[in-house]
Every structure is written in structure tokens, then in C-alpha cells.
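Everything below concerns the one structure shown next.
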Amino acid sequence: MTPISRGFRGRRDASADPSRVPPGQYVTGDFPVLSAGPTPHTQLADWSFAIQGEVDEPRTWTWDEFRALPSENLTTDIHCVTKWSKLDTVWTGASVDTLLDGVDTSAEYVTAWSDGGYTTNLPLEDLTGGRAWVAFAYDDEPLDPEHGGPARLLVPHLYFWKSAKWVRGLELKLEDEPGFWETYGYHNYGDPWREQRYWGD
Amino acid sequence: MARAALLGRLTWQLANVVELVEETARVRSIVLDPPAWPGHRAGQHVDVRLTAEDGYQAQRSYSIASAPEDGYLMLTVERLEDGEVSPYLADELRPGDELELRGPVGGYFVWEESLGGPLLLVAGGSGVVPLRAMLCHHRAVESIVPVRLLYSARSLEEVVYRDELMRMAAADQIDIRFTLTREQPEGWQGYGRRIDRELLDEVSWPPGEHPLVYVCGPTGFVEATANALVELGHEPARIRTERFGPTGG
Ligand SMILES: Cc1cc2nc3c(=O)[nH]c(=O)nc-3n(C[C@H](O)[C@H](O)[C@H](O)COP(=O)(O)OP(=O)(O)OC[C@H]3O[C@@H](n4cnc5c(N)ncnc54)[C@H](O)[C@@H]3O)c2cc1C
């Protein structure tokens, strides 16, 4: 039984549809930031994006090549492990399906890696089927470095640390390998609807 | 997962509120006595969960202010006027109440003796909380790692742990500097402006000495400080950050 906190009423956000807010989350209008270190500032001229690892042939795109790929606009809810959720966020990006189009692989896992040394791991199937993007615009504006620009992974159905900021590539793998936060106590998969915040959740 | 099995699940537990300490007009420390505390490392945090009578719940994260060696768990909470959870913790909670929490959480924004130094700690407002745990750990193990704390607060009245920090600064290895951004007392000898590159350059060890840096505070503060440190030539990989909230400080 959950104990009552004497005198706590709480502020319920009447405007937020409860069916869109996972357990333990609250809705915010801000866009808070979670990062382990300083924000990298990569020049677009030095930027590239790679698909590598267990693939028949690695691929890379320069910024211009990447931006020439078909892109999509999407409106989605995001959920950060530090408890905030933000509803109806608006993004533009290339879908991972587009990036992986025609790639032949037996990999089942992916490590997304970023400028600054950040990594995060995901099952490949969570990145395909129209469920993940490499996003370069937020609210129709170029993505701020603070929020992961020039481009970040966007995997809205998992906690937001899986949406690696400053992403530079996807390494396809046969074996799952925990990424940065995942080795520091955060859940390996991170489904907000099952409240998978930490190891063992 | 093998690791999870080894470490066990972070289960919710009810901790008794032993004592409340008014640190400043807006900040209060909560001394807790969790029944099954697995221990923690300086810099980690806990999740706190409040439950209303109708079952409605709210969760927030709070850094652990106490050192691993302390034998109790202390949190320090700043009241945000329009906040949901912090006014409850800072005003409503009384000794003898129980507070539901789980932890410790986080393993990167952590300092322990073995990581060495020299250590640069940079705090904005209540961002001093996990840095206090690091300083107390440093004292408890009688570390000889040199430490500098640069602490930005609006005024002297808003400096959390003021007397304690002054006492700690008496140790040879610990150097504490304040910058008061809004209001300085008569004859104030410390800094009186927001942390900028020049100020960091003055207080920090030269990049060539590879200091290990921990920056904690509001997002804008952390962002500006970490960027300035990188511009000064500090290695990004030696700068660890914790961002408390959405607004700039
Ligand atoms: C890892 C971690 C450790 C933390 N440690 C501490 C700690 O030791 N002590 C502490 O007091 N807080 C700490 N925080 C912040 C804490 O989790 C809450 O966000 C804070 O107490 C506000 O919660 P609330 O419910 O009162 O406000 P909310 O109802 O969540 O927010 C109310 C309003 O205040 C704004 N706001 C939220 N957080 C902040 C902030 N930090 N600064 C300014 N404005 C804000 C919101 O945007 C909103 O407009 C920590 C956060 C994290 C992620």
C-alpha cells in the first residue's frame, strides 16, 4: 500500500490528458536539459553521419547529403527520466528507415554514438518501422546545440536519454552493449510506460 | 540482466524525517533515516515520491547532501514558489513524518577519493548540494586532493551551508570562493558578478593541470560555465555536469 504524504495535495494539470502521461511523469511547458558534460559545438562542415558495424557496406553522409535526404515532420510526446514529459513537440528529421534503406544486416542491436563520447544502446527493431528519426529541427527552427543540435536521434517511445543528442552515427551490433547512462544505473531499455528508469525496474 | 540482479532493484522505502534545518529563507535541509539504505557515493541523488489522499502522485529528484560516511541521509531543497513538490518539502514536512524515496541514483556525477584531482567544484545556487557531499566526503577520508569551490549565489543570505563552508575552508586542501551576483554586503572582498570566462580563469587550475571539474546548478548556469571552461582549454571529458532545472541562473 502506498503511504499518504500528510498534507500533500499536488497540482494536477487539468489540461494534460492523463492517458498521455506515463507513471511518475509530470507535464512541463519548458524544455529542460539533461547532459553529463559540456555541450559540443560541431561545425556543420566537420559533421558527418555514419551507419557502420555489422553492415555489408558502411555509409556516411556529409551535412549537405544528409539534409538532401527525404525528411518528415512529426508531432510527438517526449518523456525524460528526470520526470518531465512534454506533449506535442514538433520535429523535423530523416527517419532511421530512410538511413537504413537497402542496408543488409544481421544485427539486432544498435549503439548510437555522439560527439562528446556519449553512447546509448537500443534494439534495432526500436529504430525501424517509423519509430525513430535523426532530427535536425525543433519547432521549425534548427536544433539548438543545448538540445542536441545539429542533429539528435529521436526515439519518442523510449525515455529521452535514448534520443542521443549530437548523434553522429549508428553502430549495428550482434550483441547488446550498454551505453553511457545504461552503465551508470539507468535501465537498459527505458520504456516510460513501464517506468523502466533504473536497473531492475 | 545480471547486473541488475546483482545490484537489486531500487525499491521505494519510507524514511523517517528526523530533523529539519533552515539553511536560508528559501532552502531547507531534511535529515532522514531510511530503514534500508544501501550506501551511496558523493554526487548521487534520490527520487522522492509524494502521494495525495486520492492516490495522485508526484516524483522529483533530489541530490544527496550528506557524505557516504555520515550515517544519515540529508537532502537540501530550495522552494520554488509555483512548484508542486519543493514547497511541500521546504514548508509542509515536519519531523516524524515519513518520506518515500528510492536510490541512490546516478553514477557519473560522482566524486570519490580514488578519482583524484585537482578538483574544481562550481555551484550555482542550490547546485551546491551534491558538491557539499563531495566536500564532506573529502573531509571524512582526510583526502589530500586539492579542491576549489566556486559558488555563485544571489546574496550572502542565500548562500547555503554558509558557516559550514567557512569552516571547511580552514583546511589546507580546500579553497572556497564566493561570487554574489545581486547584492554584496558592505566591504565585500569576494567576487560580485555572474561567473564568466575571466572569473573561471582566475579561480581554476590551469588546463595543463587537468583538473577534474563538477558543475551543478540551473541549466543556463551549467551551460554557460561548462562552455566557458571548454573555451579556456579544459578537456570536455574532465567536466561533469548536473542540471537541476529548466531556467537560467
Ligand atoms: C538530478 C537532479 C538533482 C536535483 N537536486 C536538487 C536538490 O538537491 N535540491 C533542489 O532544491 N532541487 C534539486 N533538483 C530539482 C528538483 O528535482 C525539482 O525540479 C525542483 O525541486 C522543482 O520541483 P517542483 O515540483 O517544486 O517544481 P515544478 O512544479 O516542477 O516547477 C515549478 C516551476 O518552476 C520551474 N522550475 C523547475 N525546476 C526549477 C529549478 N531547479 N530552478 C528554477 N525553476 C525551476 C518549472 O519550470 C516551473 O515553471 C534536482 C533535479 C535533478 C534532475
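Things worth noting here:
- Here A:V27, A:V33 are screened, and the one residue that is modelled with pLDDT under 95 and either within 26 Å of A:G169 (Cα to Cα) or away from chain B (no Cβ under 14 Å) (or both) is A:V33.
- Of all residues in region B:65-99, those satisfying the criterion of being more than 8 Å from the ligand (Cβ to nearest atom) and in a strand (DSSP E or B) are B:L73, B:M74, B:E98, B:L99.
Let's see how each residue does on (1) among the basic types (K, R); (2) in contact with an Asp or Glu (Cβ under 8 Å, 6 or more places away or on another chain); (3) within 14 Å of chain A (Cβ to nearest Cβ):
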| residue | (1), (2), (3) |
| --- | --- |
| B:D54 | no, no, yes |
| B:G71 | no, no, no |
| B:Y88 | no, no, yes |
| B:P95 | no, yes, yes |
| B:R102 | yes, yes, yes |
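- Count of residues meeting criterion [outside any helix (DSSP H, G or I) and surrounded by fewer than 23 Cβ atoms within 10 Å (Cβ to Cβ)] in region B:212-233: 4
- Consider region B:203-244 and keep the residues that are within 11 Å of the ligand (Cβ to nearest atom) and free of Cβ contacts under 8 Å to residues at least 60 places away in the same chain. The one that is farthest from the other protein chains (Cβ to nearest Cβ) is B:G220.
- The C-beta contact set for region B:74-87 (first residue outside the structural domain of B:E23 (by TED's automatic domain parsing) and on the phi > 0 side of the Ramachandran plot, second residue more than 6 Å from the ligand (Cβ to nearest atom) and assigned to a loop (DSSP other than H, G, I, E, B), distance under 7 angstrom, 6+ apart or interchain) is empty.
- Selected residue (only one of B:V160, B:V141, B:V122 is buried (at least 24 other Cβ atoms within 10 Å of the Cβ), farther than 21 Å from B:W205 by Cα, in contact with a helix residue (DSSP H, G or I) (Cβ under 8 Å, 6 or more places away or on another chain) and of a type in the set (A, V, I, L, M)): B:V160
- Residue match in region B:177-189 (condition: farther than 30 Å from A:W161 by Cα, away from every other protein chain (no Cβ under 14 Å) and within 16 Å of the ligand (Cβ to nearest atom)): yes
- A single entry from B:R132, B:R154 fulfils the requirement of being assigned by TED's automatic domain parsing to the domain that holds B:Y191, near the ligand (Cβ under 10 Å from one of its atoms) and at pLDDT 95 or above: B:R132.
- Which numbered condition B:R139 misses (of (1) within 27 Å of B:E223 (Cα to Cα); (2) assigned to a helix (DSSP H, G or I); (3) under 18 Å from the mean Cα position of the chain (by Cα)): (1)
- Breaking point among (1) within 14 Å of the ligand (Cβ to nearest atom); (2) in contact (Cβ under 8 Å) with a residue 12 or more places away in the chain; (3) not in a loop (DSSP other than H, G, I, E, B), for B:Y108: (3)
- Check on B:P218, modelled with pLDDT of 95 or more and either touching a helix residue (DSSP H, G or I) at 6+ places or on another chain (Cβ under 9 Å) or not aliphatic (A, V, I, L, M) (or both): no
- Meets criteria (among the aromatic types (F, W, Y) and modelled with pLDDT of 95 or more) for A:W61: yes
- Residue match in region B:9-20 (condition: on the phi > 0 side of the Ramachandran plot and more than 8 Å from every other protein chain (Cβ to nearest Cβ)): no
The values are calculated or read from the model by the stated rules, or taken from the named source; none is laboratory data. This structure is a prediction, so every number in the text was calculated from the model and none was measured. A quick note on method: Cβ atoms are made from the backbone with ideal geometry, for glycine too, and the neighbour counts reach across all protein chains shown.
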